[in-house]
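Below you'll find the structure, written out as structure tokens, and then a few comments.
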Amino acid sequence: MVYENLHKETVLIVDDVESNRFILEEIIQSMGCRPVLAGGGEEALQLLQTFPPQLVLTDISMPGMDGYELCRILKGNEQTRQIPVIFISAFDNPQAIVEGLSYGGEDYITKPFVAEVIKARVNVHLRLNEARRELIEMNRRLKASVDEQLCQMESERKNILFALAGIAAESLGCKEEYLRRLGRNCRILAQGMQLSPIFGDKISDDFIETVELAVPLCDIGNIGVPKEILQKEKPLTEEETTAMQAHTKIGEKLLKDLYVNHDYSDFIGISADMIRHHHENWDGSGYPDGLIGQEIPLAAQIVSSMARYTELTGDEACGREDALAAMEREAGIKINPDIFEICSKISRQLC
């Protein structure tokens, strides 16, 4: 039998009898492998740190830690559980074999040693272990490749969304500076809410990042609303109002149509909430679903509050104090009063 392809794999030999260790050492060396010798289970665990093996040959009956306990420890450790363990014993006892296998051992060799038997079994388990490692590495590379492709797909779909959002904003006459301010203000408000005992457990750092990133998508549904309605200066008719308000549902559907169930991410979930519900009012008088109070998704509450502040302060005639006064009158009607209180406290940080 030829063993030249073993590439100096390490085999840990554990036996309290010195002569047994030396016999096994010669057999393993003749296979082209590197033997590492240990006189007991405790020493074997120490040597593992310096000489990580591809296979363990261990006697069962040893003083202190026996072979079963050594195997149990190896199989219970994430770092060593995949190392094949072959038990060695002078007793050809079926019960002992079953017990060894129950601890996770891969094979069982009886004494006295027959060199060709040991070589054959060691070779088999080294090859199986090498194949397992290659399979794990292949799966890792495949996963990395799939993840990279999914990331690229996610990026491309986001680019499509933001491009459509830009077209919708242009149709509405919405300036890029307003969207920049709105996104920044949503971040600042969400950070302030994160420090509040009322909202702290509902807002994570990832949530804050997503809210700011998703702000430009809020009115993406306007791409499905006639331009003459969006830019009409006179009051809208009832029919036109219905068409304009439909942008919340159009935007949500457009967003979800770009994604399939298996890659429905937090970004899409939060964005969908914001798109559909950023025109809901705290007292239930908003649209499209007439949600009341805490029924309104938190991300949508943040955006609607900051949209109001950003719109008011975008008018040079309305400063920070005037904007807060106007919002205070709307607290409990359009705006969550708790969010308004936090907004008031951090208003000097808003842009």
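The values are calculated or read from the model by the stated rules, or taken from the named source; none is laboratory data. Since this is a predicted model, take the numbers as computed values, not measurements. Neighbour counts are summed over all protein chains in view; Cβ atoms, including those assigned to glycine, are modelled from backbone coordinates with ideal geometry. For the accessible areas, the whole protein counts, side chains as well, though only heavy atoms, and no ligand, DNA or RNA atoms are used. Shrake-Rupley method; radii C 1.70, N 1.55, O 1.52, S 1.80 Å.
Of all residues in region 106-121, exactly one satisfies the criterion of being among the basic types (Lys, Arg) and touching a strand residue (DSSP E or B) at 6+ places or on another chain (Cβ under 6 Å), namely Arg121.
Hey, does region 15-32 have a residue that's open to solvent by less than 10 Å² (accessible area, probe 1.4 Å) and part of a helix (DSSP H, G or I)? There is at least one residue in region 15-32 that is open to solvent by less than 10 Å² (accessible area, probe 1.4 Å) and part of a helix (DSSP H, G or I). Just the residues that are open to solvent by 10 Å² or more (accessible area, probe 1.4 Å) and either small (Gly, Ala, Ser) or more than 17 Å from Tyr103 (Cβ to Cβ) (or both), please, taken from region 54-67. Within region 54-67, Gln54, Ser61, Pro63, Gly64 qualify. Return the pair list, or none, for Cβ contacts closer than 8 Å from residues in region 30-50 that are free of Cβ contacts under 8 Å to residues at least 40 places away in the same chain and under 19 Å from Glu130 (Cα atoms) to residues that are open to solvent by 20 Å² or more (accessible area, probe 1.4 Å) and of a type in the set (Ser, Thr, Tyr), at least 6 apart or on different chains. Qualifying pairs under 8 Å: Gly32/Tyr3; Leu48/Thr80.
For region 200-256, a residue qualifies if it is closer than 13 Å to Ile275 by Cβ and outside any helix (DSSP H, G or I), and the qualifying residues are Cys218, Asp219, Ala246. Taking the criterion of being over 25 Å from Ser19 (Cβ atoms), in a loop (DSSP other than H, G, I, E, B) and either open to solvent by 70 Å² or more (accessible area, probe 1.4 Å) or at pLDDT below 90 (or both), the residues of region 68-96 that qualify are Glu78, Gln79, Arg81, Gln82. If you go through region 97-121 and pick out every residue that is part of a helix (DSSP H, G or I), open to solvent by less than 50 Å² (accessible area, probe 1.4 Å) and at pLDDT 85 or above, you end up with 4.
Count, please, the residues in region 110-124 that happen to be more than 19 Å from Asn20 (Cβ to Cβ) and touching a Leu at 6+ places or on another chain (Cβ under 8 Å). Number of matching residues: 1. Going through (1) modelled with pLDDT of 90 or more; (2) within 30 Å of Leu324 (Cβ to Cβ) one by one, Ala169 falls short only on (1). For region 50-67, filtered to residues that are part of a loop (DSSP other than H, G, I, E, B) and polar (S, T, N, Q), the residue that is nearest to His125 (Cα to Cα) is Gln54. Against the conditions (1) out of contact with any strand residue (DSSP E or B) (no Cβ under 7 Å at 6 or more places or on another chain); (2) among the β-branched types (Val, Ile, Thr); (3) modelled with pLDDT under 85; (4) more than 30 Å from Glu212 (Cα to Cα), Val124 satisfies every one except (3).
Find the residue count for region 206-229, including only residues that are farther than 15 Å from Leu298 by Cβ and surrounded by fewer than 19 Cβ atoms within 10 Å (Cβ to Cβ).
Of all residues in region 206-229, those farther than 15 Å from Leu298 by Cβ come to 213, 216-217, 219-229.
Those still in the list that are surrounded by fewer than 19 Cβ atoms within 10 Å (Cβ to Cβ) too: 213, 224, 226-229.
Of the residues in region 206-229, 6 are farther than 15 Å from Leu298 by Cβ and surrounded by fewer than 19 Cβ atoms within 10 Å (Cβ to Cβ).
Whenever a residue of region 223-244 is under 18 Å from Gly286 (Cα atoms), its partners that are in a helix (DSSP H, G or I) and at pLDDT 85 or above, lying with C-beta atoms within less than 6 angstrom and at least six residues away or across chains, give the pairs Glu240/Ile229; Ala243/Ile229; Met244/Ile229.
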